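Undergrad: Sharing a structure with you now.
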Amino acid sequence: MASGNSFYITTPIFYVNDAPHIGHAYTEVAADVVARWHRQAGDDTWSLTGTDEHGEKILRTATANGTTPKKWADKLVTEAWKPLLETINIANDDFIRTTDERHESSVQLFLQRLYDDGYIYSGEYEALYCVGCEEFKPQSEIVNGTGPFEGQKVCAIHSKPLELLKEKNYFFRMSDFTERLLALYEERPDFVQPESARNEVIQFVRQGLSDLSISRSSFDWGVKVPWDDSHVVYVWFDALLNYITAVGYGQDESNFDRRWPATHIVGKDILRFHAVIWPAMLMAAGLEVPKQVFGHGWLLVGGEKMSKSKLTGIAPTEITDTFGSDAFRYYFLRAIAFGQDGSFSWEDLSARYQAELANGFGNLASRVIAMVTKYFDGVVPAPAEYTDVDLAIQAVVQKAAEDADRSINALAIHDALASIWTIVDELNGYITDSEPWALAKDPANAARLGTVLYTALDGLRALAVLLSPVLPQATDKLWEALGAAATLGALVDQPLREAGRFEQLPEGSTVSALQALFPRIEPAVA
Ligand SMILES: [Zn+2]
């Protein structure tokens, strides 16, 4: 299948100390759906996720837990992060850890190159530092403390006192790249998206960039600076490099050329690191900048942002244990315009599950298959002459498939789902209007009945293909029930960009009973 264009997509790497919440899962699912779509369309696809494991805070928590930072990270990766990917059914191609040898050695190589080329110098640094953020805070994020921290300067995000740190640091000459970055944003309007994020980044860079402190010597949990092992690399500088070290930078140049550049999906709170620091680092190293940096919005729960610092997190298993992973994947991508903030509520999730998945899609599939079983002994009928209403359904399917592909390419995942759902809605209306149960009463209508049910079945065939990146489990069941696995082969092998073409389901295939794709959920007993 790997014959088409290269498509490489990444999520941010998880900060290993966090507890997985639905915000992490949202980012993962979005990237996974886009990756699955491209993979099934025949693009040479690679999807990457992983964990960010260095830094002072991890060293501190490991020590507090009586272990080493590496053992602490191992435990969290095994017990929290890899299980999260299973919970929400992510089909990533690779998982990188910043403690991987392949990563650490390539980070050193990258750093040495910048040093040799004069982009790194040593200097004295003194500023207020937040351990929670792992960064020296800009003035705009320093506020006066209240309560127990009255009279102290605290971090605006963490509300904890800042530490005045003074140390010899190595600096990256980021200020050299102000003009080149502005030119990049100008020449490639799609480089940072959505538009609101792009505007913020441009405004920030227009104020002029400062050089970036990229090493620390007050602790040693990190990648050693290659020419001075009393320093470790600043965690952000280290973490950003995962996107190239994972695909072979410095080690496997042919794979690196095949994959890079990538599309980065990030939360908007870390967009600036990806849209400013990261391309500047790549420019300094003479490498291509990313294809795109896309900042999605925040999930709001009861009006508050889901974040790692405020303990409003909902564990993804709280949702998947009741609704299943397919519904999780569908809900967040359908209910929230990708790129904007969106609110999560249990009521909305329940309502959409019932109306859209169970009643809209699931019932449609069950009814059509039940009628083919009843009226044609389960054998897919041959269509006779198509009427205008049948041709209208074919046109809807064709258009939905084309629109959805265009939307996925633009990362408008919610629009892609809305397009695909026009097939669900139109097919439901078509069944109601065509009344196959009435046609079945008179043998003279047998040909017409066959045409209607064939049209509905082939529409379900298209739905299974188009929805497989989002609802991999439900569509697999539907594919089996349509008898398509036996005649057309595995669902994931169906070329996605041809899903809209009609009459693909072979007549004479045999359907089999379909259990409810989205079973009724009984309200939990309190
Ligand atoms: Zn902070």
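Values quoted throughout were computed directly from the atomic coordinates according to the rules given, and no laboratory measurement underlies them. Every value quoted in this text rests on a predicted model; they were computed, and no experiment measured them. Reconstructed Cβ throughout: ideal geometry from the backbone, glycine too, with neighbour counts over all protein chains shown.
Undergrad: Just how large is the dipole of the chain about the Cα centre, in debye to the nearest 20, putting +1 at every Lys and Arg Cβ and -1 at every Asp and Glu Cβ?
TA: Value, rounded to 20: 700 debye.
Undergrad: Give me the log10 of I(q) over I(0) for the chain at q = 0.11, 0.13 Å⁻¹, as the Debye formula computes it from C-alpha points; what are the numbers?
TA: -0.98, -1.25
Undergrad: While we're on this one: Once the piece of chain linking Asp190 and Ala392 is laid out straight, how much longer is it, given 0.36 nm per residue of separation minus the C-alpha distance between them?
TA: 69.2 nm
Undergrad: Based only on Cα atoms, what Rg/Rh ratio does the stretch 1-47 have, Rh being taken as Kirkwood's radius?
TA: On the Cα set of the stretch 1-47, Rg over Rh gives 1.10.
Undergrad: Positive end of the dipole of the chain, charges at C-beta (+1 Lys, Arg; -1 Asp, Glu), about the Cα centre: which of Phe273, Phe177, Val380 has its Cα farthest in that direction?
TA: Result: Phe273, furthest along the dipole toward the positive end.
Undergrad: Would you calculate the convex hull of the Cα atoms in the stretch 443-489 and tell me its volume per residue in Å³?
TA: Residue-normalised Cα hull volume stands at 74 Å³.
Undergrad: Using 0.36 nm per residue, how much length does the chain from Thr63 to Arg258 gain when fully extended, once their Cα-Cα distance is taken away?
TA: Gain on extension, Thr63 to Arg258, equals 66.1 nm.
Undergrad: What Kirkwood Rh does the stretch 156-227 have if only Cα atoms enter the pairwise 1/r average? Answer in Å.
TA: 15.2 Å
Undergrad: Positive end of the dipole of the stretch 303-428, charges at C-beta (+1 Lys, Arg; -1 Asp, Glu), about the Cα centre: which of His414, Ile314, Tyr331 has its Cα farthest in that direction?
TA: Farthest along the dipole direction, towards plus: Ile314.
Undergrad: Step by step: find N for the stretch 55-159, compute 2.2 N^0.38 Å, then divide the Cα radius of gyration by it. What's the final number?
TA: After normalising by residue count via 2.2 N^0.38 Å, the value is 1.45.
Undergrad: Using a 10 Å Cβ count of at most 12 others and DSSP loop calls, identify the longest part of the chain lacking such GluC sites (Glu not before Pro).
TA: 151-384
Undergrad: Considering the stretch 1-131, what Rg and Dmax in Å follow from its alpha-carbon atoms?
TA: Using the Cα atoms of the stretch 1-131, the pair Rg, Dmax is 17.9, 54 Å.
Undergrad: Could you calculate the FRET efficiency of Lys441 with Glu480 from 1/(1 + (r/R0)^6), where r is the beta carbon distance between them and R0 is 30 Å, rounded to 0.05?
TA: Efficiency computed from Cβ-Cβ geometry: 0.50.
Undergrad: Cut-off under 17 Å on the C-alpha distance; same-chain residues fewer than 8 positions from Lys399 excluded. Which aspartates and glutamates are left, in chain and number order?
TA: Straight-distance partners of Lys399: Asp388, Asp390, Asp415, Asp425, Glu426, Asp458, Glu498, Glu503.
Undergrad: Say R0 is 60 Å: what FRET efficiency, to the nearest 0.05, do Asp117 and Ala516 get from their beta-carbon distance?
TA: Here the calculated transfer efficiency is 0.45.
Undergrad: Remind me, relative contact order of the chain in percent, using alpha carbon pairs under 8 angstrom and six or more residues apart? Write out the running numbers ahead of the final one.
TA: Numbers: 867 pairs, mean separation 80.2, N = 526.
In percent, rounded to a whole number, it is 15.
Undergrad: Then there's this: Give the longest segment of the chain that steers clear of trypsin sites (Lys or Arg not before Pro) in DSSP loops with at most 10 neighbouring Cβ atoms within 10 Å, not counting the sites themselves.
TA: Values: sites that count: Lys441, Arg520.
It works out to 1-440.
Undergrad: Pull up the DSSP beta bridges for the chain and report the antiparallel fraction as a percent, rounded to 5.
TA: Values: 25 of 48 bridges.
Restricted to the chain, the bridges split so that about 50 percent are antiparallel.
Undergrad: About its Cα centre, what dipole magnitude does the stretch 414-466 give when the only charges are +1 on Lys and Arg Cβ and -1 on Asp and Glu Cβ, stated in debye to the nearest 20?
TA: So the dipole magnitude of the stretch 414-466 works out to roughly 220 debye.
Undergrad: Still on this structure, please answer the following. Treating only the Cβ of Lys, Arg, Asp and Glu as charged (+1, +1, -1, -1), what charge dipole size does the stretch 61-146 show about its Cα centre? Round to the nearest 20 debye. Please report the intermediate quantities before stating the final value.
TA: Numbers: 8 positive and 15 negative charges, 65 e Å.
Dipole magnitude for the stretch 61-146 comes out near 320 debye.
Undergrad: Nearest 500 deg cm²/dmol is fine: what mean residue ellipticity at 222 nm does the chain get from its DSSP H runs of n ≥ 4 alone, each adding -39,500 (n - 2.57), divided by its residue count? Can you show the working numbers first?
TA: Numbers: 21 runs with 229 residues, N = 526.
Helices in the chain give a 222 nm mean residue ellipticity of -13000 deg cm²/dmol.
Undergrad: Now for a separate question. Give me the number: length gained by fully extending Asp176 to Phe149, i.e. 0.36 nm times residue separation minus the C-alpha to C-alpha distance, one decimal in nm. Let's see the in-between values first.
TA: Working: separation 27, 0.36 × 27 = 9.72 nm, distance 3.84 nm.
Length gained, Asp176 through Phe149: 5.9 nm.
Undergrad: For the stretch 370-526, what's the radius of gyration and Dmax over Cα atoms, in angstrom?
TA: So, for the stretch 370-526, Rg and Dmax equal 16.1, 56 Å respectively.
Undergrad: Let me ask something else about it. Select from Gly42, Ala490, Phe14 the residue farthest towards the positive end of the dipole of the chain; place +1 on Cβ of Lys and Arg, -1 on Cβ of Asp and Glu, and compute about the Cα centre.
TA: In the chain, that residue is Phe14.
Undergrad: For Asn363 paired with Ala156, estimate the spin-label separation in nm (one decimal), with each label point 7 Å from Cα along the Cα-to-Cβ line.
TA: 5.0 nm
Undergrad: Could I get the Rg over Rh figure for the stretch 386-476? Both from C-alpha atoms, Rh via Kirkwood, rounded to two places. Walk me through the numbers before you get to the answer.
TA: Details: Rg = 14.7 Å, Rh = 14.0 Å.
Rounded to two decimals, Rg/Rh equals 1.05.
Undergrad: Moving on to the next point. Report the FRET efficiency, 1/(1 + (r/R0)^6), for Ala384 and Glu347, where r is their Cβ-Cβ distance and R0 is 35 Å, rounded to 0.05.
TA: The value I calculate is 0.15.
Undergrad: Okay, next question. Along the Cα-to-C-beta direction of Lys399, a point sits 7 Å from the Cα; which residues of the stretch 405-438 have their amide N less than 18 Å from that point?
TA: 405-408, 415-431
Undergrad: Can you bin the stretch 106-235 into rounded, prolate or oblate? Criterion: square roots of the alpha carbon gyration tensor eigenvalues sorted a ≥ b ≥ c, rounded for a/c under 1.5, prolate for a/b above b/c, oblate for the rest.
TA: Oblate is the answer for the stretch 106-235, as a/c is 1.5 or above yet b/c matches or exceeds a/b.
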